[in-house]
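**Q** Quick one: the structure is below, questions incoming.
The values are calculated or read from the model by the stated rules, or taken from the named source; none is laboratory data. Since we're looking at a predicted model, the values are computed, not measured. Positions of Cβ are generated from backbone atoms using ideal geometry, with glycine treated the same way; all protein chains shown enter the neighbour counts.
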Amino acid sequence: MKKIVLFILLGALCQQVMFAEREVVLSNARLLPANSLEFLRTHFPGMPVYLVNIERDGDDIFSFGAVLNNGYYIEFDGVGEWREVDCHREQVPVSVIPNIIKKYVDQKYNGEIVTLVDRGLEFSRVRLISRKVLVFDPDSNFVRIDE
């Protein structure tokens with residue numbers, strides 16, 4: 001019985017060590033790639049970075065996350081290209097939203113603001129203040145609503 005308990009505890013400890021190496025949280029924004037820093041300076045001027053989250057897959061960097069002082073979250077891929085901008089209940093900077101998607105939202109959801117933009121390989125998503133999630137294809141054509 002003692003061996004079983006010891007084995008379970010050892011397994012739990014190994015699992016925590018594995019996950020601890022996958023994610024690193026730092027407060028130094030200079031660790032972000034140059035293109036990520038430029039994105040932040042362009043679209044969020046004067047807004048300091050509170051912390052940087054680096055997720056690793058072995059020795060390779062899988063993604064970066066930046067939390068700004070106001071709580072906005074911006075995720076970048078391993079080479080520093082933005083994947084997601086989440087402003088929670090506030091407007092995502094219009095300069096981040098693809099023009100075709102912005103026009104669609106303005107026409108179909110007049111008065112709604114975009115609070116999240118997520119660029120994926122197959123689809124892009126935008127979340128509106130009403131919590132509706134609009135899905136678009138790679139050419140920014142509307143596909144569906146995910147609620």
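**Q** Can you pull out every residue in region 72-88 that is out of contact with any strand residue (DSSP E or B) (no Cβ under 6 Å at 6 or more places or on another chain) and surrounded by fewer than 18 Cβ atoms within 10 Å (Cβ to Cβ)? Outline the logic, then answer.
**A** Applying the first criterion (out of contact with any strand residue (DSSP E or B) (no Cβ under 6 Å at 6 or more places or on another chain)) to region 72-88 yields 72, 79-81, 88.
Those that are out of contact with any strand residue (DSSP E or B) (no Cβ under 6 Å at 6 or more places or on another chain) and surrounded by fewer than 18 Cβ atoms within 10 Å (Cβ to Cβ): Val79, Gly80, Glu81, His88.
**Q** Go through (1) without any contact (Cβ under 8 Å) to a residue 40 or more places away in the chain; (2) buried (at least 18 other Cβ atoms within 10 Å of the Cβ); (3) assigned by TED's automatic domain parsing to the domain that holds Phe44 for Asn69 and report which single condition fails.
**A** (2)
**Q** Enumerate the pairs (first residue in region 82-95 and not assigned by TED's automatic domain parsing to the domain that holds Leu40; second residue anywhere and among the basic types (Lys, Arg) and not in a strand (DSSP E or B)) with beta-carbon separation below 9 Å, excluding pairs fewer than 6 apart on the same chain, so at least 6 apart or on different chains.
**A** Short answer, once both residue conditions are applied: Val94/Lys102.
**Q** What are the pairs, 6+ residues apart or on separate chains, where a residue within region 37-56 that is under 12 Å from Glu75 (Cα atoms) and assigned by TED's automatic domain parsing to the domain that holds Asn70 has its Cβ under 8 Å from a residue that is among the hydroxyl-bearing types (Ser, Thr, Tyr) and surrounded by 14 or more Cβ atoms within 10 Å (Cβ to Cβ)?
**A** Ile54/Ser63; Glu55/Ser63
**Q** Next question. Any idea how many residues of region 84-97 are more than 8 Å from Val117 (Cβ to Cβ) and more than 12 Å from the chain's Cα centre (by Cα)?
**A** So the answer is 6.
**Q** How many residues are surrounded by fewer than 17 Cβ atoms within 10 Å (Cβ to Cβ) and closer than 23 Å to Phe76 by Cβ when one looks only at region 119-134?
**A** Total satisfying the criteria: 5.
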